[in-house]
Amino acid sequence: MRIHAIFAGIGSFAVKFRWFVLVAWIIAAIAVPRALPSLSSVTQGNNANFLPAGAPSEHALKLAAPLGGSTLTPVPVVAASAQGALTAADQAWLQTLQEDLAKVPTVIKVRDLGRSPDGQAAQLQVLSNVSGGGTGSGLITLVDDLRHAISRDSPPPGLNVHLAGAVAINVDQQAKSGSTDSQIQLLSIIFIIGLLLLVFRALLAPFVTLIPAVLAVTISGPLVAEAAHHGLKVSPLAQILLIVLVLGAGTDYGLFLVFRVRENLRAGLDKRQAVTAAVERVGESITFSAATVIAALLSLLFATFEFYSNLGIPLAIGIGVMLLAGLTLLPALLAIFGRAVFWPSKTGAGTGKTGVWGRVSSRIVRHPVPTLTAGLLVFGGLALAVTAYTPAGFGGDTTAPAGSDSAAGAAILSAHFPNTSANPTNIIYQLRQPAWNDLPALETARSQLQASGLFTAVTGPLNPNGGALTPAQLTALHNRLGPPQLLPAVPPAGTSVPPAVYQLYRATGLYISPDGRTVQFETGLKAGDPSTTAAMNAIPAVRAEAATVAKGIGAADYGVGGQAPAIYDISSISNSDLATVIPIAIVVIGFLLALVMRSLVAPLYLIFSVGLSYLAALGLSVLLFVDVAGDGGLVFFLPFLMFIFLLALGEDYNILVMSRIREEAQRLPLKEAVSRALVATGTTVTSAGLVLGGTFSVFAIVGAQQGSTQFRDVGAGLALGVLMDTFLVRTLLVPSTVVLLGRWNWWPSKMSRPGGNGDDVPDAGHQDAVTAPAGG
């Protein structure tokens, strides 16, 4: 066939120019990371960064722009005295620090937000023109420069000064995630090498199989980082999944090819013929396997939540690089080392045993109905547990790493400033006239919000930093001093305003814009911490109350911003995307399966089998983590990612098994073809499943050790799904279905017609378990 000729040509090229191919990949693996940025420098840890512009919480951010400037990135700097109230020397030093921080590159201005009510802490706000979307190199440099300026100015004894807020937290998380990436990559490589040593019983084969995947990870990471500099948003999950997926799937593709090379060597071919013939036959399976994964990932582009739509591109890049390495570098390595790859195992002609798969295949073709029935009952029972699924983890990882500078800054905010300042839910109003014209309306608004029963505290222009100002006082201060945002930290000479009142008035700059047309209230939610599901569920009521107050004060517009509103929007958009993307992924992958199978029937039950194993794996995850471990729920994007990944990766194994069955069915009765194909691919599929499931397990274990339930849930869920799919669906349920359907597996191709090679003709004289070379 023409397609086989194409892959034969690719294999022949890789074998003939093997040294050139090897050198080219080595140069690329050295040059690309040096020329392009690192992946860890562009990750974004807050899921709210991925919301579309039309989300209600994003609208609230736009309304709040006059209060701080949405084009500038804020970085809080907090200072607290360990000896009581801030001294005159402390305040003089803070004035010097404010001037020095303003000299840091990319800093536009530094605002003094005043002192805490207890007088023991102060807060500055640095505003930079560096993009605040994530933890790119510009933000890392900004945070490092700010911390260096603080250290260089040497705070007075007893004065603790730290950065706080989302930017500093994300930068500290990035430093932590960089070590997590290295740990996951190292442990995954060790696990894969150990497993492949057991599978191949050869010293060199594991390394030859794994090298292309390692180089693919090395090259694809910087390529994704470069794409991030052109608008792609990369989450920590995408960063780690890139490593896990490329190592796992890349090793799987390597196993497909290496096992087939060993089979060809045992069939009597020399090393170059064995490699070329393997690429000719397995190249199509590898390519379509990678294509199904890439197609499933790119279907995420139809999602409106950028966490999903921007997840597909990094992983698709990784799989694309891995496919190129699998079709060129791996054949080149196999041609260079030849039979030495499999030493000390035997590769001579006629070696190899049917092993356990000879016995398994014999039972499947003899008893397809009991096999299929038992599988459906087990998987169906596990799938019922999905009804107890509860989503959680909407807010992403927004907690500062323990022991970090940003964690110390967050502790100062919580200890010395109102609880609404640490992680507030902001209610913003755009007024039709300046607030100075009707300040009693703001007091009425604050009182109505406080009386709603939804909030633990409401802080606004009339009670900044926990103090209190009457509308008359605020009006008088504004008339005498002007906009609070323009006032210096120390009262100018001749100012008759008491220092405490002066500082309170300066603090109102956070709550009322210079033109008086935008005001905000910072609230603490009675439902709980804004990162919790309970707080998320309270947002509809909060928005309804904000709307009622807006109508009462005659506001032109209003919005509710902060973490809880953002995760509510994430939940709503995520559910909508689930209903949009999954049908698209099914259609695209079904089309690819129809092409490679030359059938319209096989894709139907192959996709159904993946769907069933997906529901069973998700149900088992619910049983383990919700019912047994007592977690409040599973991370909200787990069902989405599990479906996309298991659909794509499950079809990888489908393509390998079904392609081999189809190949054997062209010259053998169907039952014999199924038996022979299982003997040939059984070890490959189970080994590949163990590799991929094991790498996801490493991901889950490291995530659990780091305290990340998101990484734990995703890693464990995908590991369970892959292992169940590998050992039960792909090697038991699918083959038994093939046997039962007979020639209708291949409809409407010519193999489905009576008398075609696909007929399940009587196979008298043939044994159900056929001796065939073990391998792929």
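What does the charge dipole of region 208-285 about its Cα centre add up to, to the nearest 20 debye, if the Cβ of each Lys and Arg holds +1 and the Cβ of each Asp and Glu holds -1?
I would put it at about 180 debye.
Take each of the peptides 211-219, 223-231, average the number of other beta-carbon atoms within 10 Å over its residues, and list them starting from the highest. Intermediate values should be presented prior to the final figure.
Working: 211-219: 24.1, 223-231: 16.9.
Put in order of decreasing packing, that is 211-219, 223-231.
If packing is taken as the mean number of other Cβ atoms within 10 Å per residue, what is the order of 718-728, 553-563, 270-280, highest first? Write out the running numbers ahead of the final one.
Numbers: 718-728: 24.8, 553-563: 20.0, 270-280: 22.0.
Averaged packing, sorted descending, gives the order 718-728, 270-280, 553-563.
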Full-stretch length increase - residue 129, residue 8 - with 0.36 nm per residue and alpha-carbon distance subtracted: 38.1 nm
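Pulled fully out, how much extra length does the chain show between residue 485 and residue 38, if you take 0.36 nm times their separation in residues and subtract their Cα-Cα distance? Walk me through the numbers on the way to the answer.
Numbers: separation 447, 0.36 × 447 = 160.92 nm, distance 3.89 nm.
Separation in residues times 0.36 nm, less the Cα-Cα distance, equals 157.0 nm.
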Mean projected area in nm² (Cα convex hull; one quarter of hull surface) for region 229-292: 5.8
Solvent-accessible area per residue, Å², over region 228-349 with all protein chains present [probe radius 1.4 Å]: 26
Estimated distance in nm for a label pair at residue 667 and residue 100, the labels positioned 7 Å out from Cα along Cα-to-Cβ: 8.0
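Order 625, 455, most accessible first, counting only protein heavy atoms with a 1.4 angstrom probe. Intermediate results must be reported in sequence, preceding the final value.
Numbers: 625 30, 455 5 Å².
Of 625, 455, the descending order of accessible area is 625, 455.
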Solvent-free Debye scattering, log10 I(q)/I(0), computed from the Cα coordinates of region 300-340 at q = 0.15, 0.23, 0.35 Å⁻¹: -0.51, -0.72, -1.00
About the Cα centre, charge dipole magnitude for the chain (Lys/Arg +1, Asp/Glu -1 at Cβ), debye: 2360
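Need one number for the chain: average projected area of the convex hull over its C-alpha atoms, nm².
Values: hull surface 141.8 nm².
For the Cα atoms of the chain, the hull's average projected area reads 35.4 nm².
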Karplus-derived HN-Hα couplings along region 230-237 (A = 6.51, B = -1.76, C = 1.60, θ = phi - 60°), whole Hz, x at Gly and Pro: 10, x, 6, 9, 10, 8, x, 5
With every protein chain in place, the chain: carbon and sulfur % of accessible area (1.4 Å): 63
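Starting from the Cα-Cα distance between residue 152 and residue 548, subtract it from 0.36 nm times their residue separation and give me the gain in nm to one decimal. Walk me through the numbers before you get to the answer.
Working: separation 396, 0.36 × 396 = 142.56 nm, distance 5.03 nm.
Using 0.36 nm per residue and subtracting the Cα-Cα distance, I get 137.5 nm.
Tell me, what is the percent relative contact order of the chain, built from C-alpha pairs under 8 Å that lie six or more residues apart? If you can, show how the numbers build up before the last one.
On the way: 1440 pairs, mean separation 151.0, N = 776.
Relative contact order here is 19 percent.
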Dipole of the chain [Lys/Arg +1, Asp/Glu -1 at C-beta], most positive-end residue of 601, 548, 451: 601
Probe 1.4 Å, accessible area per residue of region 595-677, Å²: 25
Residues residue 19 and residue 109, FRET efficiency given R0 of 56 Å [Cβ-Cβ distance, rounded to 0.05]: 0.40
Förster radius 25 Å - calculated FRET efficiency between residue 473 and residue 89 (Cβ-Cβ, nearest 0.05): 0.25
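Which chymotrypsin sites (Phe, Trp or Tyr not before Pro) in region 223-271 pass both tests, a DSSP loop state and at most 11 other beta-carbon atoms within 10 Å?
For chymotrypsin sites (Phe, Trp or Tyr not before Pro) across region 223-271 that sit outside H, G, I, E and B with at most 11 neighbouring Cβ atoms in 10 Å, the list is empty.
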Label-point separation in nm, residue 190 to residue 28, each point 7 Å along Cα→Cβ: 3.0
Spin-label pair residue 608/residue 343, simplified geometry with 7 Å Cα→Cβ offset, distance in nm: 5.1
Whole-number accessible area per residue in Å² for region 508-579, which is evaluated in the context of all protein chains at 1.4 Å: 34
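Would you mind checking the pairs 62/103; 62/551; 62/109; 16/750; 16/233 and listing those with alpha carbons more than 31 angstrom apart?
Working: 62/103 28 Å; 62/551 20 Å; 62/109 20 Å; 16/750 36 Å; 16/233 41 Å.
Cα-Cα > 31 Å for 16/750; 16/233; rest within.
The values are calculated or read from the model by the stated rules, or taken from the named source; none is laboratory data. Bear in mind the structure is a predicted one, so any value in this text is a computation, not a measurement. Note: ideal-geometry Cβ built from the backbone for every residue, glycine included; neighbour counts use all protein chains shown. Accessible surface areas use protein heavy atoms only, side chains included; no ligands, DNA or RNA. Shrake-Rupley method; radii C 1.70, N 1.55, O 1.52, S 1.80 Å.
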